[in-house]
């Protein structure tokens, strides 16, 4: 009987927490006032929960964050970005959405810094934003996050993304895509990356910092992370998987254009 009561109390506590969470969502929704068009479409209950979670369920702080994002989306128009806008940035396969999910059903973005082929901060950011929108649009029902897989093969200071660009990427990710990053896996970063990391880590808030995982192919313990998160049959050989297929820009472009058509229909874009 005591065991049953313990379970009952736990269920009641869970229900209370859920009710409190929904009350916060309702409060935030009401505080935003009437929304129209894409702003209304963007501000789903799940979206409001993400912003609340990012600001420790403080409604006023969440409202400020969300209003800033709505302003950013109105001016930057990430949902209007299309493959032809960023195709040149993607020619080398420096960043692309993988055609598989991790074991949790999260979309996967693969980043290979050594394949950098442009110098425009604006173009690089636009490319990444486009791919984040694409990755999130392709999530299965019930999943809200993506994973970044970063391959450091051939990384050097000469190929590294400038600190200015990195800071801007972090700013956009943390402020306008809250709770969207599940993990960022840094695979085989060289020792010299440590100097770059000492600078970059100060741009990260605590929640984002805790999602960063360093994995080394010569460390069996850290490799367990890959086995826990990914089906090795799907995972590229560069990350310790069994897949040997290389990035095909034309094939990837065709998939992106198909996704663009579905995305346009979702946002009712002509």
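The figures follow:
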{"quantity": "Residue 165 vs. criteria assigned to a helix (DSSP H, G or I), closer than 22 Å to residue 92 by Cα and not assigned by TED's automatic domain parsing to the domain that holds residue 56", "calculated": "yes"}
{"quantity": "Residues of region 216-244 that turn out to be in a loop (DSSP other than H, G, I, E, B), out of contact with any helix residue (DSSP H, G or I) (no Cβ under 9 Å at 6 or more places or on another chain) and without any contact (Cβ under 8 Å) to a residue 60 or more places away in the chain, as a count", "calculated": "4"}
{"quantity": "Region 40-66, residues that are over 21 Å from residue 208 (Cβ atoms) and within 20 Å of the chain's Cα centre (by Cα)", "calculated": "41, 42, 43, 44, 45"}
{"quantity": "Qualifying position, being over 25 Å from residue 234 (Cβ atoms) and buried (at least 17 other Cβ atoms within 10 Å of the Cβ), among 54, 30", "calculated": "54"}
{"quantity": "Test: residue in region 213-225 that is under 23 Å from residue 136 (Cα atoms), touching a strand residue (DSSP E or B) at 6+ places or on another chain (Cβ under 9 Å) and surrounded by 13 or more Cβ atoms within 10 Å (Cβ to Cβ)", "calculated": "yes"}
{"quantity": "Some residue of region 180-203 being modelled with pLDDT under 95, in a loop (DSSP other than H, G, I, E, B) and in contact with a helix residue (DSSP H, G or I) (Cβ under 7 Å, 6 or more places away or on another chain)", "calculated": "no"}
{"quantity": "Residue match in region 95-112 (condition: assigned to a helix (DSSP H, G or I) and either out of contact with any strand residue (DSSP E or B) (no Cβ under 7 Å at 6 or more places or on another chain) or in the same structural domain as residue 253 (by TED's automatic domain parsing) (or both))", "calculated": "no"}
{"quantity": "Criterion (more than 24 Å from residue 54 (Cβ to Cβ), modelled with pLDDT of 95 or more and touching a strand residue (DSSP E or B) at 6+ places or on another chain (Cβ under 9 Å)) met by exactly one of 89, 144, 122", "calculated": "89"}
{"quantity": "Hits in region 113-142 (condition: in a helix (DSSP H, G or I), free of Cβ contacts under 8 Å to residues at least 60 places away in the same chain and farther than 26 Å from residue 156 by Cα)", "calculated": "135, 136"}
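The values are calculated or read from the model by the stated rules, or taken from the named source; none is laboratory data. Just so it is clear, the structure is predicted and the values come from calculations on it, not from any experiment. When we count neighbours, we look across all protein chains shown, and the Cβ atoms used for this are built from the backbone with ideal geometry, even at glycine.
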